[in-house]
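> Structure below; questions to follow.
A short reminder: the numbers here are calculations on the coordinates, not readings from a lab. A quick note: this is a predicted structure, and the numbers were derived from the prediction, not measured. With ideal geometry, Cβ positions are generated from the backbone for all residues, glycine too; neighbour counts draw on all protein chains shown.
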Amino acid sequence: MNCFTTSWGEYRLTRFPENPREQLRAWDAADEYLLRHLHGDTDAPAVPLDGTVVVLGDRWGALVTALAGKARVTQVGDSYLGREATRANLARNGLAADAVRLLTSVEPPPERIDVLLVRVPKSLAFLEDQLHRLAPALHAGSAVIGTGMVTEIHTSTLQLFERIIGPTRTSLAAKKARLIFSTPQSRPQQLPAPGNPWPLRYRLPDDIGVLSGRTVTNHAGVFCADRLDIGTRFFLQHLPERQGPVRVVDLGCGNGVVGTAAALTNPAAEVTFIDESYQAVASAEATFRDNAGPDARAEFLAGDALAAVPPGSVDLVLNNPPFHSHQATTDATAWRMFTGARRALRPGGELWVVGNRHLGYHTKLRRLFGNCQTVAGNPKFVVLRAVKR
């Protein structure tokens, strides 16, 4: 646990799930810079916080924890883990659970926003989608301030703010962080606001088995949002074939194509789609309903890997684990998924994983399951199978 020092006080913060061995902090210099600016500790005067304040993309709740009790704050985010981190950090610092209104990225945003604070996300598509969703609630007097590390703010980032919000400029860098200032601009009635292209629907390739030529739905927050990523494509070509009433989990489901393929291959299967991204879960449900039909059985969960799944209740887990947490490269998420799969599987149940060959997942799976078989491989990816004994 680390102490986050701000002009409003000090706050004890951690990421979620809390891991005493984890060295990554729950905030960075971009969060610090934004809070200093809001308080008036930079060259600019303090920003009035007496209206409705919306914070987009607050990764672990650092911003809203510091602002709770000082403004009417709404957090908008796509991460289940980030949402739980916010709840835990509020409680850890003696703040009421209702001190911050928590909204997911797929829920209707507030009708009026006086101050919009944007923690620049890794995904430009997600930023585009959320700015489109939030822009109608802004007015001429709204303050719109973004923050991010210098490496996260690109010309394309500023162009999005300029196109969707209005005239945009940046601050000087401080501790390798930068602020973005946008001025909401009313548009003449004869000029329509630019449309939001998300969610995106597209046709799948013709060489991926049961899903060939079918349509997938991607919300902007999904990894590789505008196309089928090559790892998933390879996985679809080597999925196990199961028949009968088995329980299957598409873990880290993304747009749901893997779980949907499993359901189409075995209509008797009961498939659960799980992801920590609310937009991913929404994408998976849309993809599944479009292809499996409205009466097909499935469950859709935003959650922390398999934490909500009863032990020994699953026959097959299909997993394409991420190896990034925001800008950090880490295997912590994959390891949590693998250990959760072992707990959730019945004896004889199987975990099938696709991953980059260089990540060495086979070593982790052998250590955890006592076995690991390479089902398929190419120069970049491997499909691995581990059985719970």
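> Take every DSSP beta bridge with both residues inside the chain and express the antiparallel ones as a percent of the total, to the nearest 5.
Around 45 percent antiparallel, to the nearest 5.
> Would you please state which residues of the range 22-42 a label at Cys3 would reach in this model, taking the label point 7 Å out along Cα→Cβ and a backbone N cut-off of under 18 Å?
25-28, 32, by backbone N distance to the label point.
> Here's another thing I want to ask about it. Restricting to lysines 8 or more places apart or on different chains, can you count the pairs in the chain with Cα atoms under 30 Å from each other?
10
> From the P(r) of the range 115-236, could you give the percentage of C-alpha pairs in the tail past 24 Å?
40 percent
> Set the Förster radius R0 to 25 Å, insert the Cβ-Cβ distance between Arg367 and Gln243 as r into 1/(1 + (r/R0)^6), and round the FRET efficiency to 0.05.
Rounded to the nearest 0.05, the efficiency is 0.20.
> Looking at the P(r) of the range 195-251, how many percent of alpha-carbon pairs lie beyond 13 Å?
68 percent
> Here is a follow-up. Counting only Cα, what are the radius of gyration and maximum Cα-Cα distance Dmax of the range 200-387, in Å?
For the range 200-387, the Cα radius of gyration and maximum Cα-Cα distance read 15.0, 41 Å.
> In nm, give the distance between the simple-model label positions of Arg21 and Lys122, each being 7 Å from the Cα along the Cα-to-Cβ direction.
Between Arg21 and Lys122, the simple spin-label model gives 2.2 nm.
> Further question on the same structure: What is the spin-label model distance, in nm, from Ala140 to Thr339 if the labels are put 7 Å beyond Cα along the C-beta direction?
It is 5.7 nm.
> Normalising by the residue count of the range 2-182, find the relative contact order in percent from Cα pairs under 8 Å and 6+ residues apart.
About 20 percent, as a whole number.
> Which length gain, in nm to one decimal place, applies between Glu162 and Asp207 when the Cα-Cα distance is subtracted from 0.36 nm times their residue separation?
Extending this stretch completely gives an extra 12.2 nm.
> So, one more: Rounded to the nearest 0.05, what FRET efficiency do Thr42 and His358 have when you use their Cβ-Cβ distance and R0 = 45 Å?
Calculated transfer efficiency: 0.55.
> Work out, step by step, the length gained on full extension between Arg169 and Ala376: first 0.36 nm times the residue separation, then minus their alpha carbon distance; give nm to one decimal.
Result: 69.5 nm gained on full extension.
> Now, a different point. Quick one: Debye curve from the C-alpha atoms of the range 2-182, no solvent, what's log10 I(q)/I(0) at q = 0.17, 0.20 Å⁻¹?
Values returned for q = 0.17, 0.20 Å⁻¹ are -1.09, -1.58.
> So if each residue of separation counts as 0.36 nm, and I subtract the Cα-Cα distance between Lys176 and Ser313, what length gain in nm does that give?
Using 0.36 nm per residue and subtracting the Cα-Cα distance, I get 44.6 nm.
> Continuing with this model, one more query. Quick check: the distance between the Cα centres of the range 246-276 and the range 127-181, to the nearest angstrom?
What the calculation gives is 37 Å, centre to centre.
> Relative contact order for the chain: what percent, with Cα pairs under 8 Å and sequence separation of 6 or more?
Computed over the chain, the figure is 10 percent.
> What is the Cα convex hull volume of the chain when expressed per residue in Å³?
Cα-based convex hull of the chain, divided per residue, equals 151 Å³.
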